[in-house]
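Colleague: Right, I'll just put the structure down here and ask away after.
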Protein chains: 2
Amino acid sequence: MATGRTHRPATRSRGIPEATVARLPLYLRALTALSERSVPTVSSEELAAAAGVNSAKLRKDFSYLGSYGTRGVGYDVEYLVYQISRELGLTQDWPVVIVGIGNLGAALANYGGFASRGFRVAALIDADPAMAGKPVAGIPVQHTDELEKIIQDNGVSIGVIATPAGAAQQVCDRLVAAGVTSILNFAPTVLSVPDGVDVRKVDLSIELQILAFHEQRKAGEEAGAAAAHPAAATRPDAADQGPDGDVPAVMPA
Amino acid sequence: MATGRTHRPATRSRGIPEATVARLPLYLRALTALSERSVPTVSSEELAAAAGVNSAKLRKDFSYLGSYGTRGVGYDVEYLVYQISRELGLTQDWPVVIVGIGNLGAALANYGGFASRGFRVAALIDADPAMAGKPVAGIPVQHTDELEKIIQDNGVSIGVIATPAGAAQQVCDRLVAAGVTSILNFAPTVLSVPDGVDVRKVDLSIELQILAFHEQRKAGEEAGAAAAHPAAATRPDAADQGPDGDVPAVMPA
DNA sequence: TTGTGTGAACTTGTTCACAGCA
DNA sequence: TGCTGTGAACAAGTTCACACAA
């Protein structure tokens, strides 16, 4: 166990590991699907398969939240959905603003999963005066000049930056100054923010480069097993999606 | 990794930790910016600040690549750009297909950073016959029927899935069967793939949920220091971006 | 019997702090 | 002198394996 002291489950579990937090949405999605199919209970094994992780990890993750399962049976789907939602703070409504309504911003505005789970697009903001008033995904775009007012009037604490890289830091500074404390950044730039503000970044080109690295490695390995022809031994049921490090790598000191 | 078996091919000493690989693109971007400003050398301290990490980590990361710095001086920018590019496999050209040309697919197709660094959009594919032939970002959309042919003709090994969740697994299976071995998945679904295929996922709603978790926690902590008014102590140089940060999400099969 | 919950072992990643080279 | 390169300490995350509740 992490902290020496045995913590009380039910209410406030201090210290849920970050890696666990990052997986809760995954479990939640799988559970929601089960819930829609009116499945009453799941075992860690089944749920883990659905979420693409292994079952020991899932059980460990859940143990940080409390003891919500029943030995010999499994987890109650509805109950878990509720507990995880609460833990993630999704039982309340989070107004979100999207800044930068280009291709990507529009895609985000149209993204359905947005609204579905506690998030509400409070406003779309763009620097181009020609965009002002034009509706995107049914929401009229507002000009950057309104940014501070929008944030304050709507009590927005989460902002999404989908501007070009050059504008991102400036937009970020204004968001933060206006009271935003969590930022999801799609611009390919490192943002600097004061303490207490969370930034998460999503970066297409970084993801591709990581894939290229592994791809290159595979190509260099034309010696191993039945490589060479991927089309051949397609066995589409590998199931276990979750763990992250492929390429364990030898690492000789 | 999925099956207990640690697949450890005969590949040489190349044991670059996954966490390091995930940061190399960051360093590369910072270095490219320096290169464009004709800066000849950087210290680990400066480069680390530009990339949003701390300098010890950066030095450790570089040490896995080799000894490319000069003590007392720093790193040669051009040389490092080359070494990292090579390590990431960006000295070759990677043809990529994007499947699902909705809002998001179009945004991706238009994304400049795509082409800039070794990646080339070889084709855009969509299931809607009405889309066929329509140019997006200057590239005509092709129908899903052509998928296998496109992959094979262009030697594509990296595929981007930007379809609705319901179609993602099927598209994935076809991509893999046709020879794709790396997939970047934007659909909110767990994909199952055979061993040897890498999947990385980008999921807006997961990112937002993680932010909501931290946001909720902040709200519950209204006791701490300078609470309530973030606008106050703005100190825009906190530098280190990834506190809990990246949480990549490599999902090998 | 079944499947959760969890100490304990293990693996991976980060930070420290300093030896040693330019 | 200044900054890299790296062993060693530390921290976080994952997996194992089994006691134990239902």
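Colleague: Just one of (1) more than 6 Å from DNA strand C (Cβ to nearest atom); (2) within 23 Å of the chain's Cα centre (by Cα); (3) among the charged types (D, E, K, R) trips up A:Lys60, so point out which.
Modeller: Failed condition: (1).
Colleague: Quick one: what pairs do we get from the range B:70-81, first residue closer than 12 Å to B:Arg59 by Cα, second of a type in the set (A, V, I, L, M, F, W, C), C-beta under 9 Å, 6+ apart or different chains?
Modeller: Close Cβ pairs (under 9 Å, with a partner that is of a type in the set (A, V, I, L, M, F, W, C)) amount to B:Gly74/B:Val42; B:Gly74/B:Leu47; B:Tyr75/B:Leu31; B:Tyr75/B:Val42; B:Tyr75/B:Leu47; B:Tyr75/B:Phe62.
Colleague: Only one of these is facing chain B (nearest Cβ under 7 Å) and within 14 Å of DNA strand C (Cβ to nearest atom): A:Ala22, A:Ala30. Name it.
Modeller: A:Ala22
Colleague: Quick one: how many residues across the range A:15-47 are of a type in the set (Gly, Ala, Ser) and near DNA strand D (Cβ under 10 Å from one of its atoms)?
Modeller: The number of residues fulfilling the criteria is 4.
Colleague: Any idea how many residues of the range B:169-178 are more than 9 Å from chain A (Cβ to nearest Cβ) and crowded, with 23+ Cβ neighbours inside 10 Å?
Modeller: Residues meeting the conditions: 2.
Colleague: For the range A:19-54, which residues satisfy the criterion of being open to solvent by 40 Å² or more (accessible area, probe 1.4 Å), over 18 Å from B:Ser205 (Cβ atoms) and free of Cβ contacts under 8 Å to residues at least 40 places away in the same chain?
Modeller: Within the range A:19-54, A:Ala19, A:Arg37, A:Ser38, A:Pro40, A:Thr41, A:Glu45, A:Glu46 meet the criteria.
Colleague: Within the range B:48-60, take every residue that is part of a loop (DSSP other than H, G, I, E, B) and closer than 16 Å to A:Pro188 by Cα and give me the one that is farthest from DNA strand D (Cβ to nearest atom).
Modeller: Ranking the qualifying residues of the range B:48-60, first place goes to B:Gly52.
Colleague: Only one of (1) crowded, with 22+ Cβ neighbours inside 10 Å; (2) away from chain B (no Cβ under 11 Å); (3) within 15 Å of DNA strand C (Cβ to nearest atom) fails for A:Val99. Which number is that?
Modeller: (3)
Colleague: Of all residues in the range B:61-94, which are in a helix (DSSP H, G or I) and within 6 Å of DNA strand D (Cβ to nearest atom)?
Modeller: Of everything in the range B:61-94, those that are in a helix (DSSP H, G or I) and within 6 Å of DNA strand D (Cβ to nearest atom) turn out to be B:Phe62, B:Ser63.
Colleague: More than 14 Å from chain A (Cβ to nearest Cβ) and away from DNA strand C (no atom under 11 Å from the Cβ): does that describe B:Leu80?
Modeller: The answer is yes for B:Leu80.
Colleague: Now, a different point. Among the listed residues B:Val202, B:Val156, which satisfies the condition of being more than 7 Å from chain A (Cβ to nearest Cβ), surrounded by fewer than 24 Cβ atoms within 10 Å (Cβ to Cβ) and not small (Gly, Ala, Ser)?
Modeller: B:Val156
Colleague: A further question follows. Is it the case, given these coordinates, that B:Gln142 is polar (S, T, N, Q) and either outside any helix (DSSP H, G or I) or open to solvent by 20 Å² or more (accessible area, probe 1.4 Å) (or both)?
Modeller: Working: polar (S, T, N, Q): yes; either outside any helix (DSSP H, G or I) or open to solvent by 20 Å² or more (accessible area, probe 1.4 Å) (or both): yes.
Yes.
The values are calculated or read from the model by the stated rules, or taken from the named source; none is laboratory data. None of the values given here were measured: they were computed from a predicted structure. Virtual Cβ from ideal backbone geometry, glycine too; neighbours counted across all protein chains shown. Accessible surface areas use protein heavy atoms only, side chains included; no ligands, DNA or RNA. Shrake-Rupley method; radii C 1.70, N 1.55, O 1.52, S 1.80 Å.
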